[in-house]
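Computed from the coordinates by the stated procedures, all read-outs in this text should not be read as laboratory data. Predicted, not measured: the structure shown is a model, and the values here were computed from it. As a convention, Cβ positions derive from the backbone with ideal geometry for all residues, glycine included, and neighbour counts pool all protein chains shown.
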Amino acid sequence: MAIISPSILSADFVNLERDMGVLKSAGAPWAHVDVMDGIFVPNITIGIPVVAALRKVTDLVLDVHLMIDRPIRYVADFCKAGADYLTVHLEADTPENIHKTLKMIRESGMKAGLSLKPGTPAEAAAPFLEECDMILVMTVEPGFGGQKFMADMMPKLVWLREHLNEVNPGCLLQVDGGVDRTTAPVCKQAGAQVLVSGSAFFKAEDKAAFVKEVQA
Ligand code: DX5
Ligand code: ZN
C-alpha cells in the first residue's frame, strides 16, 4: 500500500490547525510541509516556527520538504521544531555538503530525504543512495502548487527503485507535483511509495475516498 502525504501548501493558512484535522480525519498518515526561501525557488512560504506549531497540534508524520539554499544551516532547527522526515535538494549545495547534511539529519534522529528537480538525472543521486531514508522525485518544477504533472519523470523512479533495491531496499521513493486520481496510479506503477498531493487533495469533495484511492 502507498502512503499519501497531503501538501499543506494548498491548505487555508488562517486555519492550519483545522486543516491538519482535515488530513487526519481523511485518513492521511503524513503531512507534507513545503518550505521555500525565495532563493532556491522563486517563492517564499513557511518555516521553522510553523513546523513547531504544527507539531503541537498533530501526531501525523511531518514530512518537511526544504526548497532552500544550503539547508545544512537549518537541520538542527527543524529537528527541534519536530520534523520527522527532512528532505533537502541535491541541487541546493555542493555534493560534499549534501553528504554532510544527510548525515547530520540522521544523526539528529530524523529521517533523511533527498530531492531531485526535474532537470537533475537519477544518476546524480547514485553517490547518496545509502545515506537516505527517502528519495523525492519532483514531477513539477519546485516552487508552486497546482502545476501540471510531468509524466516523463517516471523512468527516473524506475531507475532509482532498481538501484535502491541493490544498496538500500528500505529507502522510500516519493513523488511530488501534480499528483491526482489520474496520475497517482502512473506513479505507483513506476515504483513510488509516498505520494504528495496538494491541490488535488484539498479540492477533493470526499477526501477520505481520495486518500483511499491514492493509497490503494
Ligand atoms: C511544489 C511543492 C509541492 C506542491 C504540490 O514546489 O513541493 O509539494 O505543494 O502541489 P500540487 O499537488 O498541487 O502539485
Ligand atoms: Zn513539496
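Data table
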{"item": "Taking the chain and dividing mean pair separation by its residue count, relative contact order in percent (alpha carbons under 8 Å, at least six apart)", "result": "21 percent"}
{"item": "Charge dipole of the chain about the Cα centre (unit charges at C-beta), most positive-ward option of L164, P42, A31", "result": "A31"}
{"item": "Selection of chymotrypsin sites (Phe, Trp or Tyr not before Pro), the range 139-216, meeting DSSP coil and at most 11 other Cβ within 10 Å", "result": "none"}
{"item": "Cβ crowding within 10 Å averaged over residues, with 1-8, 23-30 ranked highest first", "result": "1-8, 23-30"}
{"item": "20 Å Cα-Cα reach of K156 towards lysines, excluding residues that sit fewer than 8 places from it in its own chain", "result": "K117, K148, K188"}
{"item": "The range 22-129: relative contact order in percent, alpha carbon pairs under 8 Å with at least 6 residues between", "result": "22 percent"}
{"item": "Proximal aspartates and glutamates to K103, defined as alpha-carbon separation beneath 16 angstrom and excluding residues fewer than eight positions away on the same chain", "result": "D77, D84, D93, E130, E131, D133"}
{"item": "Leading residue at positive end of dipole, the chain (Cβ point charges), from V186, Y85, L62", "result": "L62"}
{"item": "Dipole moment magnitude, nearest 20 debye, the range 1-81 about Cα centre, only Lys, Arg, Asp, Glu C-beta charged", "result": "200 debye"}
